[in-house]
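Q: Okay, handing you the structure first.
The values are calculated or read from the model by the stated rules, or taken from the named source; none is laboratory data. As the structure is a prediction and not an experimental result, all values here were calculated from the model. All Cβ positions, even for glycine, are placed from backbone atoms using ideal geometry, and neighbour counts span all protein chains on display. Calculation scope for accessible area: heavy atoms of the full protein, side chains included, ligands and nucleic acids excluded. Shrake-Rupley method; radii C 1.70, N 1.55, O 1.52, S 1.80 Å.
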Amino acid sequence: MAIEVNIAMKANVVSGGNSRGTGALGTFYPLFPKNNYFNEASIQTAMNYMDVYPYVQIQPRADLAFMAGVDILWRQNTSDSFYQPPGVPIVAGNANHKRFLGAALNLQAEWQVTPNLNLNAAFVHFIADGFLRAAGGKSITWTGAWATFNF
């Protein structure tokens, strides 16, 4: 059995509107967002930013997979806020004029133990920088593990 290795990259641009001063919501607001699309920590929601996410997936066996990557994030516009799920701005867009937000280092493992039992573990270390660091933001680390059992 051969080890499968995939090297990939995701890139996203999530825009808002230009309604500043009109009282209208100018930010795209997804009704049912999948906040763990970017990483399991769900640090940010898909509002007004850009990212580039190179990663590698290694599958040594059909029932075991590992993923490692780094998600690099910027504000889409220097007047955009930083939003946490479910769409709450936690750093106002006028906090400073820096565009770079930081980077999230992501590690994940998945094991299909039996046809009914799946185990997952994830580690995310978000390095706050640029806009977030200048606004007083700090780096954070998140870990998680979960089991899924299907009857």
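Q: Which of (1) open to solvent by 60 Å² or more (accessible area, probe 1.4 Å); (2) touching a Gly at 6+ places or on another chain (Cβ under 7 Å) is the odd one out, the single condition SER79 does not satisfy?
A: Among (1) open to solvent by 60 Å² or more (accessible area, probe 1.4 Å); (2) touching a Gly at 6+ places or on another chain (Cβ under 7 Å), SER79 violates only (1).
Q: Quick test of your reading of the structure: LEU73 fulfils all but one of (1) in contact (Cβ under 8 Å) with a residue 12 or more places away in the chain; (2) surrounded by fewer than 15 Cβ atoms within 10 Å (Cβ to Cβ); (3) under 17 Å from ARG133 (Cα atoms). Name the failing condition by number.
A: It is condition (2) that LEU73 fails.
Q: Which condition breaks for ALA103 when tested against (1) at pLDDT 90 or above; (2) part of a strand (DSSP E or B); (3) open to solvent by 50 Å² or more (accessible area, probe 1.4 Å)?
A: Of everything listed in (1) at pLDDT 90 or above; (2) part of a strand (DSSP E or B); (3) open to solvent by 50 Å² or more (accessible area, probe 1.4 Å), ALA103 misses just condition (3).
Q: Would you confirm, using the coordinates I've provided, whether ALA122 is within 12 Å of the chain's Cα centre (by Cα) and surrounded by 15 or more Cβ atoms within 10 Å (Cβ to Cβ)?
A: no
Q: Let me ask something else. Within the stretch 88-102, track down each residue that is over 11 Å from GLN44 (Cα atoms) and either touching a strand residue (DSSP E or B) at 6+ places or on another chain (Cβ under 9 Å) or aliphatic (A, V, I, L, M) (or both).
A: Listed by number, the residues that qualify are VAL91, ALA92, GLY93, ALA95, LYS98, ARG99, PHE100, GLY102.
Q: Does ALA68 meet the test of being open to solvent by 60 Å² or more (accessible area, probe 1.4 Å), in a strand (DSSP E or B), in contact with a Leu (Cβ under 6 Å, 6 or more places away or on another chain) and at pLDDT 95 or above?
A: Judged against the criteria, ALA68 is not a match.
Q: Of all residues in the stretch 78-87, which are farther than 15 Å from ILE43 by Cβ and out of contact with any Phe, Trp or Tyr (no Cβ under 9 Å at 6 or more places or on another chain)?
A: If the condition is that a residue be farther than 15 Å from ILE43 by Cβ and out of contact with any Phe, Trp or Tyr (no Cβ under 9 Å at 6 or more places or on another chain), then SER79 is the only one that fits.
Q: I'm checking my understanding of the structure. Among residues of the stretch 1-27 that are surrounded by 12 or more Cβ atoms within 10 Å (Cβ to Cβ) and among the hydroxyl-bearing types (Ser, Thr, Tyr), which one is modelled with the highest pLDDT?
A: For the stretch 1-27, the residue satisfying everything is SER15.
Q: Also, quick follow-up: Select from the stretch 125-151 the residues that are part of a strand (DSSP E or B), open to solvent by 60 Å² or more (accessible area, probe 1.4 Å) and more than 18 Å from ASP71 (Cβ to Cβ) and list them in ascending order.
A: ALA145, TRP146, ALA147, PHE149 - these are the residues of the stretch 125-151 that are part of a strand (DSSP E or B), open to solvent by 60 Å² or more (accessible area, probe 1.4 Å) and more than 18 Å from ASP71 (Cβ to Cβ).
Q: Here is a further query. Mind checking which residues of the stretch 86-100 are assigned to a helix (DSSP H, G or I) and exposed (fewer than 15 other Cβ atoms within 10 Å of the Cβ)?
A: Correct list: ASN94 only.
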